[in-house]
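Note sheet for the following structure.
The values are calculated or read from the model by the stated rules, or taken from the named source; none is laboratory data. Every value quoted in this text rests on a predicted model; they were computed, and no experiment measured them. Virtual Cβ from ideal backbone geometry, glycine too; neighbours counted across all protein chains shown. To get the accessible areas, we keep the full protein, side chains included, count just its heavy atoms, and leave off ligands, DNA and RNA. Shrake-Rupley method; radii C 1.70, N 1.55, O 1.52, S 1.80 Å.
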Amino acid sequence: MEFRRITNLPPYVFTIINNLKIEARRAGADVIDLGFGNPDIPSPRIAVDKLRESAELPRNHRYSMSKGLPKLRQAIAGYYRNVWGVELDPETEITNTIGSKEGFSHLMWVLLDRGDAAIVPSPSYPIHIYGPLFAGADLRQVPMRSLADVGSGEEFTEDFFARLHDAWEIGWPKPRVLVISFPHNPTGATVDLPFMQRIVDFCREREMVVVHDFAYADVGFDGHQPPSILQAEGAKECAVELYSMTKSFSMAGWRCAFLLGNRDVVQALVKLKTYLDYGMFQPVQIAATVTINEAADFPKEVCATYERRCETLIDGLARIGWNIPKPGGSMFVWARIPDPYAEQDSVEFCSNLVRDASVALSPGVGFGPGGEGFVRFALIENEMRINQGVRNLRRALTKLG
Ligand SMILES: Cc1ncc(COP(=O)(O)O)c(C=O)c1O
């Protein structure tokens, strides 16, 4: 049978490495898994306790509110006020989503129709590329690779905006949506508030909506506090942001995120979602509310854990002759395939590493054509296991210095 939307999808390249990993484990190998960005840090104790307690009450077993309980929206509004100094109206400028992936995908349905266009950086988290495509829109991809080479800062900013202008100038129809996400998956690049201000000014001038996926909102390194786009002047005229509890509170499986910002966009998603779902299981919403209010420092611990792992990995790789700049944030390290192996593409390189080093990584091409030539390490194993992974790599990558 043919299913047009599905049949036309390219094979998900991460599945290739995942299958090799499963095979290797079946054969008895102890694979160090730095592939899939699936957080391993346990969720806050208070979240688990509150979930258990509220699940006991039958009144919490019924359908809930798709846009989230008022107290949950008030809690995230309080978090934004405390961390970023951003004021949001919980009634009109915030809605709950079932993880940011769900929120993003359906938001693309709201914002884009067949024949519209969206600007999306490449490489990108895959749903940033496929969300607009599923909605029937065309993509204008802005290369991000220079960021991995240059690092964050002035040079990256100028380069990014030059490419953004090109993406706007070239082609018809003019794009209606810009997707960005900083700290960035997979490159780990970070930006500052003036960068966000330029994005907001760019989009206001062109009557575009900018969607900022803020999945790594609380994971900035070297004391860097990632800016919310909603801190920029005039942001509420054109910007919405997705904030997720997945990474910050290490609550991946709970599927709790929010869309915040421009009220027309937020309310349009609310309307669509009333047709699609009945919201998250109420005990999860209650647990999330209490966690945001009472474990507001948990994200700092999570960030410190990822930063230690990041440094362990980067120092270890430098010792074996694979030099990589430290990312500004996120839970990833983005690395160019070392020169002696540069003739291999990223899927081949990663496949060989599962077999020869028992280390699973993500091939860069899985994040779009701009990711070819790179691999992504996810910091989801502890420091001891990361060191073990580096020793395995040293044995397998015999052509390194
Ligand atoms: C940029 C980005 N957005 C969204 C997600 C998924 O977040 P959620 O669990 O809230 O759907 C991830 C997970 O890796 C991500 O890297």
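So the values come out like this:
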item: Which numbered condition M144 misses (of (1) within 16 Å of the ligand (Cβ to nearest atom); (2) at positive phi); result: (2)
item: Answer residue from the stretch 233-272, given it is part of a helix (DSSP H, G or I) and within 15 Å of the ligand (Cβ to nearest atom) and is most open to solvent (accessible area, probe 1.4 Å) among those; result: G253
item: Test for L51: is it touching a residue at least 12 places away in the same chain (Cβ under 8 Å) and either over 14 Å from Y243 (Cα atoms) or hydroxyl-bearing (S, T, Y) (or both); result: yes
item: Hits in the stretch 200-219 (condition: within 16 Å of the ligand (Cβ to nearest atom) and over 15 Å from the mean Cα position of the chain (by Cα)); result: V210
item: Residues of the stretch 64-83 that turn out to be at pLDDT below 95 and open to solvent by 80 Å² or more (accessible area, probe 1.4 Å), as a count; result: 0
item: Of all residues in the stretch 56-92 being within 16 Å of the ligand (Cβ to nearest atom) and part of a helix (DSSP H, G or I), the one that is farthest from V266 (Cα to Cα); result: Y79
item: Number of positions in the stretch 10-36 that are free of Cβ contacts under 8 Å to residues at least 12 places away in the same chain and of a type in the set (D, E); result: 1
item: Complete set of residues in the stretch 93-102 that are over 10 Å from Y243 (Cα atoms) and either of a type outside the set (D, E) or more than 15 Å from the ligand (Cβ to nearest atom) (or both); result: E93, I94, T95, I98, K101
item: The stretch 1-34, subset open to solvent by 100 Å² or more (accessible area, probe 1.4 Å) and aromatic (F, W, Y), residue nearest to I380 (Cα to Cα); result: Y12
item: N18 vs. criteria over 19 Å from A288 (Cα atoms) and not in a loop (DSSP other than H, G, I, E, B); result: yes
item: Considering residues of the stretch 38-55 that are in a helix (DSSP H, G or I) and open to solvent by 70 Å² or more (accessible area, probe 1.4 Å) only, the residue farthest from the ligand (Cβ to nearest atom); result: E53
item: Which listed residue is assigned by TED's automatic domain parsing to the domain that holds W168, among the small types (G, A, S) and in contact with a Ser or Thr (Cβ under 8 Å, 6 or more places away or on another chain), from G261, G220; result: G220
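Residue by residue, here is whether (1) among the aliphatic types (A, V, I, L, M); (2) touching a Cys at 6+ places or on another chain (Cβ under 7 Å); (3) open to solvent by less than 10 Å² (accessible area, probe 1.4 Å) holds:
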| residue | (1), (2), (3) |
| --- | --- |
| T312 | no, no, no |
| L317 | yes, no, yes |
| G321 | no, no, no |
| K326 | no, yes, no |
| F332 | no, no, yes |
| R336 | no, no, no |
| E348 | no, no, no |
| A357 | yes, no, yes |
| P363 | no, yes, yes |
